[in-house]
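Engineer: Below you will find the structure I want to go over with you.
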Amino acid sequence: MISKNHRIVGIEDVPANRRRGGETRAVLTPATVGSTSGFMGVARLQPGEHVSEHYHPYSEEFLLLVEGELTVDLDDTPVVLAAGQGLLVPKNVRHRLRNTGSTEVFAVFHLGPLAPSPELGHVDTESGTDASLSASGPGKQR
């Protein structure tokens with residue numbers, strides 16, 4: 001039984017964010033469920049898509065790849081994940097997600113602890129529409 005203090009939120013219940021590339025959805029957040037220690041969401045990337053480089057000054061990011069093949073650039077060092085593998089991105093580490101496979105990537109992420117305010121939690125280091133990025137890696141042309 002679910003008490004009135006619990007809330008179920010579906011992936012499609014929250015809006016997609018495409019600002020940084022790919023599609024991310026923040027599913028379990030302070031706004032949607034009243035969380036106080038972090039938030040969880042999902043990312044979908046089509047082949048060749050990427051989420052632009054950024055870092056989190058207050059949070060670690062836990063990333064679990066459910067489907068596809070994903071390359072995560074950690075401070076410009078590529079780390080390849082296969083479906084079923086997870087990765088910890090420490091706070092202050094620049095990272096970019098790239099779908100380097102031939103099928104859709106579906107990943108689950110969790111960040112914690114929360115930043116003092118949402119606008120301080122995510123620092124972009126490149127544009128989400130940076131044309132110099134592709135599934136091939138940083139500095140490669142599409």
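The values are calculated or read from the model by the stated rules, or taken from the named source; none is laboratory data. Quick caveat, the model's predicted, so the values are computed rather than measured. Here Cβ is always computed from backbone atoms with ideal geometry, including for glycine, and neighbour counts include all displayed protein chains. Quick note on the areas: whole protein, heavy atoms, side chains included, nothing else; ligands and nucleic acids left out. Shrake-Rupley method; radii C 1.70, N 1.55, O 1.52, S 1.80 Å.
Engineer: Counting just the residues of the range 58-81 that are open to solvent by 60 Å² or more (accessible area, probe 1.4 Å), over 14 Å from THR100 (Cβ atoms) and not aliphatic (A, V, I, L, M), which one comes out modelled with the lowest pLDDT? Steps first, answer last, please.
Structural biologist: The first filter runs over the range 58-81 and keeps only residues open to solvent by 60 Å² or more (accessible area, probe 1.4 Å), leaving 58, 60, 62, 64, 66-67, 69, 75-78, 80.
This time we only want the ones that are over 14 Å from THR100 (Cβ atoms), so: 58, 60, 62, 64, 66, 75-77.
If we keep only those that are not aliphatic (A, V, I, L, M) too, we end up with 58, 60, 62, 75-77.
On the way: TYR58: 98, GLU60: 98, PHE62: 98, ASP75: 97, ASP76: 93, THR77: 97.
Of everything passing the filter in the range 58-81, ASP76 is modelled with the lowest pLDDT.
Engineer: Within the range 27-57, track down each residue that is open to solvent by 50 Å² or more (accessible area, probe 1.4 Å), under 20 Å from PHE106 (Cα atoms) and touching a Leu at 6+ places or on another chain (Cβ under 8 Å).
Structural biologist: If the condition is that a residue be open to solvent by 50 Å² or more (accessible area, probe 1.4 Å), under 20 Å from PHE106 (Cα atoms) and touching a Leu at 6+ places or on another chain (Cβ under 8 Å), then PHE39, MET40 are the ones that fit.
This table checks each residue for (1) part of a strand (DSSP E or B); (2) more than 18 Å from ALA16 (Cα to Cα).
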| position | (1), (2) |
| --- | --- |
| VAL51 | yes, no |
| TYR58 | no, yes |
| LEU70 | yes, yes |
| LEU81 | yes, yes |
| LEU111 | yes, no |
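Engineer: Can you run down the residue pairs with Cβ atoms below 7 Å, 6 or more apart or on separate chains, where the first is in the range 100-112 and in contact (Cβ under 8 Å) with a residue 40 or more places away in the chain and the partner is of a type in the set (S, T, N, Q) and open to solvent by less than 30 Å² (accessible area, probe 1.4 Å)?
Structural biologist: What qualifies is VAL105/ASN99; LEU111/SER59; GLY112/SER59.
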